[in-house]
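Shown next, in structure tokens, is the structure this report addresses.
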Amino acid sequence: MARFSRMIFSLAAIAAAQSSPADSRSLASLDLESLLQVQVVTASKFSESAAHAPAMMSVVTAGEIERFGGLTLREVLSRVAGLNMTTSMITDASILAVRGQHSTGTGVHVLYLINGRPVREVLEGGVMTDLLESFPVEALERIEVVKGPGSVLYGSNAFAGVVNLITKRPDGNSVSVNTLGGEGGAGRAGGTVSAERAGVRVFAAMQSRHDPVWRMGNRARGLLDLTESGPVFETVSRRYGSGTGAFVEAGFRGLTFQSAYSESALPYQAGPISGPGFWRRGFTDLGYSFSPSGRWRSSLNVTHTHTGHDFSQQFPSFTREASETVVEWGNTIEVGDRDRLAFGALVNRMRGSATLIAEGGTSPMASGSRMGAAAYAQWEHAVSRSLSAIAGVQLNKIGNLAVDAVPRVGLVWKPAPRLGLKALYGRAYRAPTINELWLDYPLLQGDPALRPERMATAELAMTYESKHVSMSLSGYQSRMSDVIVQEYVRFPGIYRNLGRASFRGVEWEGKYAWSDRWMAIGSVLYQHASDWNAASSPPWIPPVSVKAGGSYAPSKRFSISVFDAWRAAVTPYRATPNPPAVARHWVDANLRWQIRRELREDIPLSIAVLAHAVNLGGGSIWMPIANGAVNTAPASRGRTVWFGLEFSLNGK
């Protein structure tokens with residue numbers, strides 16, 4: 001009975017992950033426009049519909065998160081068309097791959113933004129485990145995902161895609177608190193606060209969670225242990241699957257301050273070092289926006305991100321610290337009725353270090369710092385009412401690398417009011433990381449002469465939008481050169497520019513909301529990757545993935561949703577010491593029941609009961625280890641059901 005009571009009272013955390021603190025409207029009253037025809041800003045830095053944006057984009061709104069649920073950012077992004085999750089079981093335990101364009105053991109090819117500001121990790125270049133596992137989902141107004149090169153506006157790491165986390169803005173005064181529990185000792189708690197007074201705006205959100213205990217017996221062997229000689233992990237406990245995240249934003253007129261913190265503890269294994277790994281990230285941005293004229297908007301931002309990875313709970317072990325500071329001046333100008341121009345300039349400083357802790361004491365593994373500078377411009381011209389042309393370029397100078405130019409061109413045509421066609425071509429680059437340049441480890445060495453990775457992508461797409469339907473069909477081909485790989489021809493290994501790869505595929509995405517009660521979303525991705533000279537690592541992303549879900553809200557107080565993400569088997573991982581990466585379904589379900597609406601007329605208190613199920617089909621799921629080793633890593637313990645309560649109080 002005690003356990004049942006704990007689970008019922010914890011019915012709350014899910015609620016927080018799904019309900020907007022600043023808006024007490026029920027799910028059924030969410031208008032279709034907020035679910036389908038949303039405005040986006042990431043592709044051009046101007047507000048526009050996704051169909052008009054000069055990029056292939058997917059958008060996840062707060063309404064979708066409310067309907068389908070999601071306890072972590074990782075879970076929410078797993079439903080997005082063209083995105084697949086994988087792992088390395090080394091530095092980056094949670095990796096997001098866009099269109100299968102992935103060739104390394106970290107998420108280095110995807111750039112993450114918070115409200116348009118970068119949150120890079122610069123030592124390894126793309127470690128995002130803490131953000132994907134712990135960023136408070138309650139804070140999100142929407143997520144904009146650009147699939148394809150984004151280096152013209154966002155620089156290094158905006159290689160295969162850009163994920164922009166856009167947070168809610170203060171809307172009156174409100175408070176939301178929640179608690180959540182589930183089987184296997186799982187728990188989650190969170191909350192949000194929104195306030196406005198005398199022109200000062202404040203919004204804050206937080207979450208804390210620990211996952212269920214996962215007993216794997218003797219089936220889990222690690223990265224370098226490919227024999228049957230014994231387990232690396234017998235149990236993944238709550239200590240291994242816990243995390244805390246928080247976000248706060250304060251503003252007064254044109255001045256804005258925002259900060260985020262995320263930390264996560266997950267299993268870690270690399271040769272003799274195995275046990276709990278701890279990831280943490282601090283993000284701070286101070287910005288000032290002003291308008292020199294009616295059509296010219298300008299902003300100054302100072303952004304600082306600090307990341308750390310701590311594996312000192314075991315021996316031998318190591319710790320890592322890295323930071324990036326960016327000072328940027330950005331502008332958007334509407335020139336007449338036909339032209340729009342986004343331009344800016346920035347300087348940044350990156351530094352990082354890693355320390356090995358072994359029998360002989362501590363010794364540096366990597367240490368370095370470098371400066372960078374960039375200038376960018378992107379111009380859009382309306383050739384006619386239905387046809388727009390785009391051209392852009394970014395010039396970069398990072399450390400000792402030569403000046404680099406990244407171009408982008410495209411056409412966006414609207415032959416009919418609801419139909420759109422896009423033809424896009426762009427290039428992207430990724431500068432080598434501090435580790436890739438200066439790592440000094442007994443098994444692997446950096447190379448100071450490394451060149452940036454480069455990719456060229458051509459895309460053709462058709463979009464359709466109406467009040468009830470949003471659809472897109474796209475085809476793409478990307479060619480990657482100077483891929484940075486770990487070469488072990490001799491001992492120790494070394495980072496080299498040896499790889500070239502080609503990616504091509506077709507993607508369909510659709511959303512259909514034929515009333516406020518019914519909504520369906522789905523996508524299909526077919527992609528093929530080939531290594532031109534067999535120098536890059538084997539593919540870790542399945543060639544086919546199909547995603548589909550439906551949501552039904554028969555009344556203003558009740559909704560139920562189901563979502564299934566199916567992915568094909570990964571061929572090189574059919575016979576592994578760990579369970580293989582076979583074809584599998586990943587089914588989630590979410591239920592929301594609003595049991596009380598108001599405490600008093602002037603105190604609108606909303607109480608909601610929720611249930612959320614992860615991996616309803618049951619059975620543990622193992623993913624390929626994205627590092628070249630033909631083995632898999634634990635990804636999901638099987639079916640987990642969560643229950644919770646949410647309390648939202650809105651005032652004036």
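A few notes on this one:
- Only listed residue being surrounded by fewer than 21 Cβ atoms within 10 Å (Cβ to Cβ), over 22 Å from Gly245 (Cα atoms) and among the aliphatic types (A, V, I, L, M), chosen from Leu286, Leu346: Leu346
- Every pair of residues 6+ apart whose Cβ atoms lie under 7 Å, when the first sits in the stretch 196-216 and is on the phi > 0 side of the Ramachandran plot while the second is surrounded by fewer than 19 Cβ atoms within 10 Å (Cβ to Cβ): Gly199/Phe252; Gly199/Arg253
- Residue count, the stretch 117-133 (criterion: β-branched (Val, Ile, Thr), under 16 Å from Thr284 (Cβ atoms) and in contact with a Phe, Trp or Tyr (Cβ under 9 Å, 6 or more places away or on another chain)): 1
- Within the stretch 554-570, the only residue that satisfies the criterion of being of a type outside the set (A, V, I, L, M, F, W, C), under 22 Å from the mean Cα position of the chain (by Cα) and closer than 19 Å to Gly63 by Cα is Asp564.
- Where a residue in the stretch 248-263 is under 16 Å from Thr305 (Cα atoms) and without any contact (Cβ under 8 Å) to a residue 40 or more places away in the chain and its partner, wherever it lies, is open to solvent by 20 Å² or more (accessible area, probe 1.4 Å) and polar (S, T, N, Q), with Cβ under 6 Å and at least six apart: Ser259/Thr284
- Of all the listed residues (Leu395, Leu450, Leu443, Leu424), the sole one being aliphatic (A, V, I, L, M), free of Cβ contacts under 8 Å to residues at least 60 places away in the same chain and over 16 Å from Gly155 (Cα atoms) is Leu450.
- Of all positions in the stretch 238-249, at least one carries a residue that is modelled with pLDDT under 60, under 28 Å from the mean Cα position of the chain (by Cα) and closer than 30 Å to Asn615 by Cα.
- Odd one out for Gly617, checked against (1) within 19 Å of Ile95 (Cβ to Cβ); (2) at pLDDT 70 or above: (1)
- Pro542 meets the stated requirement of being farther than 30 Å from Leu605 by Cβ, buried (at least 18 other Cβ atoms within 10 Å of the Cβ) and modelled with pLDDT under 90.
- Residues located in the stretch 369-392, provided they are free of Cβ contacts under 8 Å to residues at least 60 places away in the same chain, in contact with a Leu (Cβ under 8 Å, 6 or more places away or on another chain) and among the aliphatic types (A, V, I, L, M): Ala373, Ala375, Ala377, Leu387, Ala389
- Some residue of the stretch 195-217 being under 25 Å from Arg280 (Cβ atoms), of a type outside the set (Ser, Thr, Tyr), modelled with pLDDT under 85 and assigned to a strand (DSSP E or B): yes
- Considering (1) in contact with an Asp or Glu (Cβ under 9 Å, 6 or more places away or on another chain); (2) under 18 Å from Tyr429 (Cβ atoms), the lone condition that Leu153 does not fulfil carries the number (1).
- Given (1) within 25 Å of Arg351 (Cβ to Cβ); (2) touching a Phe, Trp or Tyr at 6+ places or on another chain (Cβ under 9 Å); (3) open to solvent by less than 10 Å² (accessible area, probe 1.4 Å), number of the condition Pro136 does not satisfy: (1)
- Verdict on Phe257 being surrounded by 17 or more Cβ atoms within 10 Å (Cβ to Cβ), modelled with pLDDT of 85 or more and not small (Gly, Ala, Ser): no
- Considering the stretch 417-435, the residues that are among the aliphatic types (A, V, I, L, M) and under 25 Å from the mean Cα position of the chain (by Cα) include one that is surrounded by the most Cβ atoms within 10 Å (Cβ to Cβ), namely Ala428.
Residue-wise test of (1) surrounded by 24 or more Cβ atoms within 10 Å (Cβ to Cβ); (2) more than 24 Å from Val582 (Cβ to Cβ); (3) modelled with pLDDT of 90 or more; (4) out of contact with any Asp or Glu (no Cβ under 9 Å at 6 or more places or on another chain).
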position	(1), (2), (3), (4)
Ala55	yes, yes, yes, no
Thr61	no, yes, yes, no
Glu66	yes, yes, no, yes
Ser88	yes, no, no, yes
Ser94	yes, no, no, no
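- Failed item in (1) of a type in the set (A, V, I, L, M, F, W, C); (2) within 28 Å of Ala456 (Cβ to Cβ); (3) part of a loop (DSSP other than H, G, I, E, B), with Leu111 passing the rest: (3)
- Applying the criterion of being crowded, with 18+ Cβ neighbours inside 10 Å and not aliphatic (A, V, I, L, M) to the residues of the stretch 585-601, the residue that is modelled with the lowest pLDDT is Gln594.
- Residue selected from the stretch 362-384 under the condition open to solvent by 40 Å² or more (accessible area, probe 1.4 Å) and in contact with an Asp or Glu (Cβ under 8 Å, 6 or more places away or on another chain), by the criterion nearest to Phe318 (Cα to Cα): Pro364
- Residue among Val393, Val403, Val409 that is at pLDDT below 95, hydrophobic (A, V, I, L, M, F, W, C) and either over 30 Å from the mean Cα position of the chain (by Cα) or open to solvent by 40 Å² or more (accessible area, probe 1.4 Å) (or both): Val403
Here's the yes/no breakdown for (1) crowded, with 18+ Cβ neighbours inside 10 Å; (2) part of a strand (DSSP E or B); (3) out of contact with any helix residue (DSSP H, G or I) (no Cβ under 7 Å at 6 or more places or on another chain):
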{"position": "Arg454", "(1), (2), (3)": "yes, yes, yes"}
{"position": "Ser472", "(1), (2), (3)": "yes, yes, yes"}
{"position": "Arg479", "(1), (2), (3)": "no, yes, yes"}
{"position": "Val489", "(1), (2), (3)": "no, no, yes"}
{"position": "Tyr495", "(1), (2), (3)": "yes, yes, no"}
{"position": "Ser502", "(1), (2), (3)": "no, yes, yes"}
{"position": "Gly510", "(1), (2), (3)": "no, yes, yes"}
{"position": "Met519", "(1), (2), (3)": "yes, yes, no"}
{"position": "Gly522", "(1), (2), (3)": "yes, yes, yes"}
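The values are calculated or read from the model by the stated rules, or taken from the named source; none is laboratory data. Here the structure is a predicted model, which is why all the values come from computation and not from measurement. Glycine also receives a Cβ, built like all others from the backbone with ideal geometry; neighbour counts cover every protein chain displayed. Accessible surface is based on the protein model in full, side chains and every heavy atom, while ligands, DNA and RNA are left aside. Shrake-Rupley method; radii C 1.70, N 1.55, O 1.52, S 1.80 Å.
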